[in-house]
Amino acid sequence: MPRQQAVPAVGWTRRELFERAGMGLGLVGLAGLLHRQGLLGAARAANADASPRGGPLATRPTHFPARARSVIWLFINGGPSQVDTWDYKPELAKWDGRELSEFDESFSKFTGFFADAVGQVMKSPFTFQRQGQCGKWVSSLFPHLARHVDKMAFIHSGYTASNNHSPALFMMQSGAPRMGFPCVGSWLTYGLGAETENLPAFVVMSDPRGRGLPKGNSLNWSAGFLPSIYQGTWLKPKGNPIDNLQRPAHMSDSQQRRLMDLLQDLNVDHARHYEFEPELAARIENFELAYRMQFSAPEALDVGAEPAHIHQLYGVGKPECDHVARQCLIARRLVERGTRCVQIYSGGMENQLSWDGHNDIQGNHAGFAAETDQPIAALLEDLAQRGLLDETLVIWGGEFGRLPIAQKAQKPGRDHNPHAFTCWLAGGGVNGGASYGQTDELGYKSVVDRVSVHDLHATVLHLMGIDHQRLTYRYSGRDFRLTDVAGNVIDQILA
Amino acid sequence: MGSRLSTFLLAVALGTGSAAPAAAADLDPAHAEKMAAGRKLFRDQVRGILVKNCVRCHGGEETQSAFDLTTREGLLKGGEYEVPGVEPGNADDSWLYQLVTHVEEPKMPEEASKLRPEQLAHLRAWIELGAPYDGPLVEKAASAVAWTEREVTAEDRQYWAFQPLRDAKPPDLADDTWSRTPVDRFVLERMRRDGLQPNPSADRRLLVRRAYLDLIGLPPAPEEVEAFEQDPDPQAYEKLLDRLLASPHYGERWARHWMDVARFAESEGGEHDYDRKYAYHYRDFLIQAFNRDLPYDQFVKWQLAGDEFAPQDPLAMMATGFLTAGTFPTQLTEREFEQARYDQLDDMAGTAAVAFLGLTVGCARCHDHKFDPIPARDYYRFVAHFTTTIRSELQLPVAPGGERPGAAEQHRGLLAQRRAERERFEREQLPALFQTYVAGLGRAPGDWELLEVPPAGIQAATRLAPQPDGSLLAEGPVPALDEYTLTVRTPRKGMTALRLEALTHPSLPRGGPGRAPNGNFCLGDIGLTAAPLDGSQPPVEVALRDPRATHQQNKDALSAAASLDADPNNTGWAVDFGGIGRDQAVLFALDTPVGFAGGTELKVTLRFHHFNSRHAIGRLRLSITSADPSTVPLVSDRPEPPGNVAAVLRTLRAGGQVDGAALGAAQRWFAATLPEWRELTAAIEKLERKQAAVDVPTTTVQVGSEGVPKVKHHADGRGYPHFYPETYYLKRGDPSQKEGVAQPGFLQILTSAPDAERHWSLDPPPGARTSYRRRALAEWMTDIDYGAGPLAARVMVNRIWQQHLGRGIVATANDFGHQAPPPTHPELLEWLAADFVRGGWRIKALHKRIMTSAVYLQSSDWDAERAAIDPENLLHWRRSVRRLEAEAIRDQMLAVSGQLDAKLYGPGTRDEAMRRRSIYFFLKRSQVPTILQLFDLPEPLVSQGHRPTTTIAPQALLFMNNPQVRTCASGLASRVTAAAGPSDDAAVAAAYRLALGRAPTGEELRRNTAFLTGQAESYRAGGRADARELALADLCQVMFSLNEFVFLP
């Protein structure tokens, strides 16, 4: 990594500085502060002024020019069915009712999750129409998103490692089908730092309708073996979204300010005796930052500040999609203010609580599509109108796809399919309207230009200006990467 | 898969059992002819079929299920299930044939269409002809494990960390007035080489705070600071260290450090992150181990194999919590079973290697280690020590940490009352009832004679307590597996059948009759021997036949007949589906009538070894009859007296006299048949059991061990086996690419015993539950002369040094391999490690070694010139200022606010408002308490050797706004008010003294009193009656937020 050469001012190794110093530390701001307090000689102040901003979340240079600055990842949790959404398969109707093993003899009853409910090939209960300049076939599930297909680049040939939620989720988040590895948002904030000191750099929003967290809970936004500051900040769906952001009830702002002033005075006095300890100064600066966050974070999360036509655009107030509308709006407000990565989970845990349509695929997908279609379409439109889409990468996708056969149930569902999934990317650096890769005629397996999860990750990092082979972290005796020892950037979907 | 496979195994076992000797004795005369015909068929047809459909996965690119059919030898050997691939000459009984004809699962070829009928016919004919080969199906590489043949060379052994411990001599230095201990001479010598001079000692006020926070993680009380400052004793500091090392809080502090290394947490992680309710015992083990100064080699041994070194010592059992503290998925599909188990083995073995040896052996899982001399071969052999180790929960005599005082007394009262009631019944009603009963006896009682087993005749893993009705009741912890051997004498002759009753009892789960959680049991095998009492001939086996039961769970694997079949373990008589909560009985006819002149000793062996563990009978009774086994009723409608009682009853009925003892025995038996008496007795027994629990408490403890009940898993219903009997070499770490069985072995690079592996390997003693593999590993791990001991000592010495000095002599505490930066003070590391081992691996002595050195005592004063030479202070020319860890920050706040609950041990809680030390937070992986998470507690997923120290704004928000911080501030404010009264000056002075152990400077006093006045005024203006209290609490909150409070110079 080129950053390794960056040597900070006050005699710490890069690693130590990295581990110790603070959010937006501000050797710059700090130098200013200490200079005002007369703590630094002119020479050292000048040195500090010239030095790069330190700290684990300081903005860091990219490996090559970035196409996008932020990511909004709409995680279609539970595994959306490719053949009912974006991967149109007219052949399905012809095969309807036949055995999948006739089509592909490698199919076994253990391909999905439930070996005892394997049904026959089932055509999609939804209709498809051509949309946009690119003429993309789109399912009737997405009347709003259908208008934006020229912004999206589709990957139809994804495949993953497991037919089980949790390993597949971990694979999609972290590139390993096991817990304990840093996820994409953590790698991004580790690699790029934060753009703002006033907001968390990596934010996660989960289902607010009481349907639970994705399988694996907070491990889905874990920093793994990276320092824990790189883990995602989960906005609690109920109560105060961020811990400790509200000052004690008895205290007014001016009373808190007075307390802060005393604290800062005492700490600066103390720091005079330890002027060479950057951590002490960093902590002084952080109290000021924290004080400001009390205002900036609630402001960023305040959807009420948006005008009525924006509420209308997203569908705020509509019973079916109000919750996702608010989350998408928050996502826009956050990236607007410099948050690096936002992840929104559509759906909660499993089965009917998420897109995991084992039963009644039609009702399941129709319900979750209705929750997300308008808000996500609005997000794309809103970002585009503001000129933010060019620097924001929007991702839509789940942990795996679903089988083209029915899963036997009162109303037929579809079971997990690790062999094929579709996802799309839109925004910064993405060639809108492109479609990459193909599944077989029934959408069962990816067959043309297959895309591994590592390839997808490599592409996301690439769009953010990072060479996935050069973003490494030394842990347990070796250098780890998000993409392990694999990953190819999918050039064909780049603008 | 389990039951299908076991039935199949059974069939094979029976088949080979009867057929094999005959086949060996007389070879088929047409053998040669058949083999020749078979070879031709093989050449013409079968080879093509196998190559096209089977070999890719079974011996070609992969060897799935370890079933390699590229050679006849491999075919006959079969795969991991140890079922021969074919039975030569018998296609129908051949596994291969059953799989390809889809008689058995998994249907083969997998994920492809069934073989054509003519192909099946060829295979059939070929097997019938003896299944000969004309040569291997594919040419193989010379060695199956060629991919892992990295040689460990003499040069590899030259690396410093793999060397024996050297006898390093502390350097002699001229003009050395600074050094206090040998440690210092190493450090000073190194400094001088770079032209550096160390700092002098810090002042006493600072030293006492440093020692307290370092050793016990709590601040000294102001009085303790003052006493130490004024102590004229030249040994004052040493005495201070001794006091702190003797404090029970010392263990709490240092256990927490080790918990990072042990990736300890109390939930599964993964999908559901279920709680592990009994995992906390491992944490309690750590606290006790540090407090007792358990020698470090023993500390290592117990964590690896406490169940093999000292199974009777609960502490040793608690230590094994280390093994399975790692994460594990809670949802698995069949395809993931094996991978998940190999991941778990990797977690166990990899964590052990990192924690004890600072070696990243996990890197060698997929290929030979890139940097260190660890071939993948060594990895799998290392892992194989853990092959059969699983997580379990056992009842152990450990105080749970939550007894209610007074409970014992209450029980005693109730118990006395019920006993009195029973005595009254026995005195006032029983004699008359008995008389009526005897009078009503019309004929000789019963066809069955109960066999009363004398206590000396009982042998079982569990306690079998004789009951008044002649039955035996199992009591105490339920072992996973059990075998009852019951020896009894009888004068009876012509015995024709044995009856075993499995009886209900209120103490049993769901009333029994079994001990399994659902009340079931599974009698896997029953054996009977008979011997003459006069010893005139040795015991003879009595064959049992024609079983008949009141109820049986099914007609095959769980029937009465299954207790006589060839599988003594996993098939047997069980009674679920209609038989739970009811008395059951089974009769076995004796092959020939039994009964010696002069009496007979009968020995009945009942075996409960089902894979569903804890399936023993809870209450049982044996009887014998001489009646016709085919007609004798299984259960008679009247209570049946045991033999001695029957004799008494016959005498009484005939009007004869019996002595008091005999009468008493008969009455006691009779009482047990009466519902009223039974109810009273059941109540008494229940109270007695509770009493026993109060007197000698047992608690459920999570352990890692073998041959013990497994903890329930979501995928049990899918047949998840929890472990596989063998560990295989896996090419690229992939369970579908097995390359032969890995036998347990040690890392070559750390092994120099002349007799190599055999040096530590142990055969388990007869009857051992465990494999003794981990015990051998632990012996090797701590063997200073021939094993890994030198490295283990270096690694631990370095960990302790790191905690005291802020960075290790080797900076990467978890990696001593080639990727580690070289030690800053190699000679010192050698000296400390050798000293540690010489002194008996005592950690407390090591603390004193380090903490009495001048390098530890020095001040943190900074100096520009010296900083220019060594900016990172690698050479320790000053003491580096350090921020306290999350736990110490929180515990310190609680301590100075006077709110700390100092209770030791026991279950933790997730309540962030709890007031015990932070080590007692229940560590749920997905919900780590906020304060710990904010202040860099590593996610407890993998071993962590070093915590980073970040400074981020959310930490500041915690000090500003967190309700628990505010509660502590209010607590400190109350203490301040109590000490200082209404004076602002006195209040500020008290706050400084209590929070920081010192007096405020004039400037500080001025700033704080001004704040206090202004803030109180402001609250007063807002109409608050408690204005000053609020202002004072605000000031105390500032105390907590001070850099001085959280940084230790």
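The values are calculated or read from the model by the stated rules, or taken from the named source; none is laboratory data. Nothing here was measured: the structure is a model prediction, and the numbers come from that model. FYI the Cβ positions are ideal-geometry reconstructions off the backbone, even for glycines, and counts take in every protein chain you see. Calculation scope for accessible area: heavy atoms of the full protein, side chains included, ligands and nucleic acids excluded. Shrake-Rupley method; radii C 1.70, N 1.55, O 1.52, S 1.80 Å.
Here's a check for you: in the stretch B:509-527, which residue that is outside any loop (DSSP other than H, G, I, E, B) and under 11 Å from B:Arg619 (Cβ atoms) is modelled with the highest pLDDT?
Keep residues of the stretch B:509-527 that are outside any loop (DSSP other than H, G, I, E, B), which gives B:509-511, B:514, B:523, B:525-527.
Right, trim to under 11 Å from B:Arg619 (Cβ atoms) and you get B:511, B:514.
On the way: B:Gly511: 90, B:Gly514: 95.
Residue satisfying both the conditions and the ranking: B:Gly514.
Consider B:Gly470 against the criteria (1) assigned to a loop (DSSP other than H, G, I, E, B); (2) crowded, with 17+ Cβ neighbours inside 10 Å; (3) at negative phi: it satisfies all of them except one. Which criterion is unmet?
Only one criterion is unmet by B:Gly470, namely (3).
Name the single residue that is surrounded by the most Cβ atoms within 10 Å (Cβ to Cβ) among those in the stretch A:363-394 being among the charged types (D, E, K, R) and part of a helix (DSSP H, G or I). Show your work before the answer.
Keep residues of the stretch A:363-394 that are among the charged types (D, E, K, R), which gives A:371, A:373, A:381-382, A:386, A:390-391.
This time we only want the ones that are part of a helix (DSSP H, G or I), so: A:371, A:373, A:381-382, A:390-391.
Numbers: A:Glu371: 22, A:Asp373: 20, A:Glu381: 17, A:Asp382: 20, A:Asp390: 16, A:Glu391: 16.
The residue in question is A:Glu371.
Pairs please, first residue from the stretch B:998-1014 and within 17 Å of B:Asp1034 (Cβ to Cβ), second anywhere and polar (S, T, N, Q) and open to solvent by less than 60 Å² (accessible area, probe 1.4 Å), Cβ atoms under 8 Å, 6+ apart in sequence or on different chains.
Close Cβ pairs (under 8 Å, with a partner that is polar (S, T, N, Q) and open to solvent by less than 60 Å² (accessible area, probe 1.4 Å)) amount to B:Pro1000/B:Asn1008.
Yes/no per residue for (1) open to solvent by less than 10 Å² (accessible area, probe 1.4 Å); (2) modelled with pLDDT of 95 or more:
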{"position": "A:Ser124", "(1), (2)": "no, yes"}
{"position": "A:Phe128", "(1), (2)": "no, yes"}
{"position": "A:Leu141", "(1), (2)": "no, yes"}
{"position": "A:Ala146", "(1), (2)": "yes, yes"}
{"position": "A:Ile155", "(1), (2)": "yes, yes"}
{"position": "A:Tyr159", "(1), (2)": "no, yes"}
{"position": "A:Pro167", "(1), (2)": "no, no"}
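If we keep just the residues of the stretch A:400-449 that are in contact with a Lys or Arg (Cβ under 6 Å, 6 or more places away or on another chain) and small (Gly, Ala, Ser), which is most open to solvent (accessible area, probe 1.4 Å)?
The residue in question is A:Gly432.
Given the options B:Arg732, B:Arg773, B:Arg718, name the one that is open to solvent by 40 Å² or more (accessible area, probe 1.4 Å), charged (D, E, K, R) and farther than 21 Å from B:Glu334 by Cα.
B:Arg773
For (1) within 21 Å of B:Glu827 (Cβ to Cβ); (2) buried (at least 22 other Cβ atoms within 10 Å of the Cβ), each residue gets a yes or a no:
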{"site": "B:Val855", "(1), (2)": "yes, yes"}
{"site": "B:Gln858", "(1), (2)": "yes, no"}
{"site": "B:Asp870", "(1), (2)": "yes, no"}
{"site": "B:Asn873", "(1), (2)": "yes, no"}
{"site": "B:Met893", "(1), (2)": "no, yes"}
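Looking at the stretch B:1020-1030 only, could you name the residues that are aliphatic (A, V, I, L, M), more than 9 Å from chain A (Cβ to nearest Cβ) and not in a loop (DSSP other than H, G, I, E, B)?
Taking the stretch B:1020-1030 and keeping what is aliphatic (A, V, I, L, M), we get B:1021, B:1025, B:1027, B:1030.
With the extra rule that they be more than 9 Å from chain A (Cβ to nearest Cβ), the set shrinks to B:1021, B:1025, B:1027.
B:Ala1021, B:Ala1027 - these are the residues of the stretch B:1020-1030 that are aliphatic (A, V, I, L, M), more than 9 Å from chain A (Cβ to nearest Cβ) and not in a loop (DSSP other than H, G, I, E, B).
Within the stretch A:53-72, how many residues are at pLDDT below 90 and aromatic (Phe, Trp, Tyr)?
Here the count works out to 0.
Quick check on my filter: what residues within the stretch A:478-495 are open to solvent by less than 50 Å² (accessible area, probe 1.4 Å) and touching a helix residue (DSSP H, G or I) at 6+ places or on another chain (Cβ under 6 Å)?
Residues satisfying the conditions are A:Leu482, A:Thr483, A:Ala486, A:Gly487, A:Val489, A:Ile490.
Test A:Val342 against the criterion of being part of a strand (DSSP E or B), buried (at least 24 other Cβ atoms within 10 Å of the Cβ) and either more than 14 Å from every other protein chain (Cβ to nearest Cβ) or among the hydroxyl-bearing types (Ser, Thr, Tyr) (or both), and give yes or no. Give the derivation first.
Working: part of a strand (DSSP E or B): yes; buried (at least 24 other Cβ atoms within 10 Å of the Cβ): yes; either more than 14 Å from every other protein chain (Cβ to nearest Cβ) or among the hydroxyl-bearing types (Ser, Thr, Tyr) (or both): yes.
The answer is yes for A:Val342.
Within the stretch B:910-963, restricting attention to residues that are part of a loop (DSSP other than H, G, I, E, B) and among the aromatic types (Phe, Trp, Tyr), which residue is nearest to the other protein chains (Cβ to nearest Cβ)?
Top of the filtered list is B:Phe935.
What is the number of the single condition among (1) modelled with pLDDT of 90 or more; (2) open to solvent by less than 30 Å² (accessible area, probe 1.4 Å); (3) within 7 Å of another protein chain (Cβ to nearest Cβ); (4) not in a helix (DSSP H, G or I) that A:Pro182 does not meet?
In the conditions (1) modelled with pLDDT of 90 or more; (2) open to solvent by less than 30 Å² (accessible area, probe 1.4 Å); (3) within 7 Å of another protein chain (Cβ to nearest Cβ); (4) not in a helix (DSSP H, G or I), A:Pro182 misses (3) alone.
If a residue has to be facing another protein chain (nearest Cβ under 7 Å) and open to solvent by 30 Å² or more (accessible area, probe 1.4 Å) to count, how many in the stretch A:270-296 make the cut?
Residues meeting the conditions: 2.
Out of (1) open to solvent by 30 Å² or more (accessible area, probe 1.4 Å); (2) closer than 30 Å to B:Glu393 by Cβ; (3) touching an Asp or Glu at 6+ places or on another chain (Cβ under 9 Å); (4) not small (Gly, Ala, Ser), what's the single condition that is false for B:His272?
Only one criterion is unmet by B:His272, namely (3).
Output the residues belonging to the stretch B:940-955 that are of a type in the set (Val, Ile, Thr) and either crowded, with 22+ Cβ neighbours inside 10 Å or in contact with a His (Cβ under 7 Å, 6 or more places away or on another chain) (or both).
Narrowing the stretch B:940-955 to residues of a type in the set (Val, Ile, Thr): B:942, B:949-952.
Within the stretch B:940-955, B:Val942, B:Thr950, B:Thr951, B:Ile952 qualify.
Given the residues B:Phe328, B:Phe337, which is the only one that is closer than 30 Å to A:Leu169 by Cβ, within 14 Å of another protein chain (Cβ to nearest Cβ), of a type in the set (Phe, Trp, Tyr) and surrounded by fewer than 20 Cβ atoms within 10 Å (Cβ to Cβ)?
Values: B:Phe328 fails: surrounded by fewer than 20 Cβ atoms within 10 Å (Cβ to Cβ).
Answer to the check: B:Phe337.
When you go through (1) within 23 Å of A:Ile72 (Cα to Cα); (2) at the interface with chain B (Cβ under 9 Å from one of its Cβ atoms); (3) open to solvent by 10 Å² or more (accessible area, probe 1.4 Å); (4) assigned to a loop (DSSP other than H, G, I, E, B) one by one for A:Thr196, which number turns out not to apply?
(2)
I'd like the full set of residues that are surrounded by 24 or more Cβ atoms within 10 Å (Cβ to Cβ), charged (D, E, K, R) and within 30 Å of A:Pro177 (Cα to Cα), limited to the stretch B:277-316.
Once the filter is applied, which keeps residues that are surrounded by 24 or more Cβ atoms within 10 Å (Cβ to Cβ), charged (D, E, K, R) and within 30 Å of A:Pro177 (Cα to Cα), the stretch B:277-316 yields only B:Arg283.
From the set of residues in the stretch B:974-995 that are farther than 30 Å from A:Glu197 by Cβ and within 13 Å of chain A (Cβ to nearest Cβ), which is surrounded by the fewest Cβ atoms within 10 Å (Cβ to Cβ)? Can you show your working first?
Narrowing the stretch B:974-995 to residues farther than 30 Å from A:Glu197 by Cβ: B:974-994.
From what's left, within 13 Å of chain A (Cβ to nearest Cβ): B:988, B:991-992.
Details: B:Val988: 26, B:Ala991: 25, B:Tyr992: 22.
Per the criteria, the residue is B:Tyr992.
Give B:Leu900, B:Leu958 a once-over and let me know the one that is open to solvent by 10 Å² or more (accessible area, probe 1.4 Å), touching a residue at least 12 places away in the same chain (Cβ under 8 Å) and of a type in the set (A, V, I, L, M, F, W, C).
Values: B:Leu958 fails: open to solvent by 10 Å² or more (accessible area, probe 1.4 Å).
Selected residue: B:Leu900, the only one of B:Leu900, B:Leu958 that is open to solvent by 10 Å² or more (accessible area, probe 1.4 Å), touching a residue at least 12 places away in the same chain (Cβ under 8 Å) and of a type in the set (A, V, I, L, M, F, W, C).
Anything in the stretch A:442-486 that is within 14 Å of chain B (Cβ to nearest Cβ), assigned to a loop (DSSP other than H, G, I, E, B) and of a type outside the set (S, T, N, Q)? List them, or say none. Walk me through it before giving the result.
Let us first name the residues in the stretch A:442-486 that are within 14 Å of chain B (Cβ to nearest Cβ), namely A:444-445, A:472-480, A:484-486.
Next, only the ones that are assigned to a loop (DSSP other than H, G, I, E, B) stay: A:444-445, A:476-477, A:484-486.
Answer for the stretch A:442-486, where residues must be within 14 Å of chain B (Cβ to nearest Cβ), assigned to a loop (DSSP other than H, G, I, E, B) and of a type outside the set (S, T, N, Q): A:Tyr444, A:Lys445, A:Gly477, A:Asp484, A:Val485, A:Ala486.
Among the numbered criteria (1) touching a residue at least 12 places away in the same chain (Cβ under 8 Å); (2) within 27 Å of the chain's Cα centre (by Cα); (3) assigned to a loop (DSSP other than H, G, I, E, B), which single criterion is violated by A:Asn240?
Unmet for A:Asn240, out of (1) touching a residue at least 12 places away in the same chain (Cβ under 8 Å); (2) within 27 Å of the chain's Cα centre (by Cα); (3) assigned to a loop (DSSP other than H, G, I, E, B): (1).
Give the stretch B:493-526 a look and list any residue that's farther than 30 Å from B:Leu687 by Cα and either of a type in the set (Phe, Trp, Tyr) or surrounded by fewer than 18 Cβ atoms within 10 Å (Cβ to Cβ) (or both), or say none.
The answer is B:Lys493, B:Gly494.
Are any of the residues in the stretch B:434-441 in contact with a Ser or Thr (Cβ under 7 Å, 6 or more places away or on another chain), outside any loop (DSSP other than H, G, I, E, B) and open to solvent by 10 Å² or more (accessible area, probe 1.4 Å)?
no
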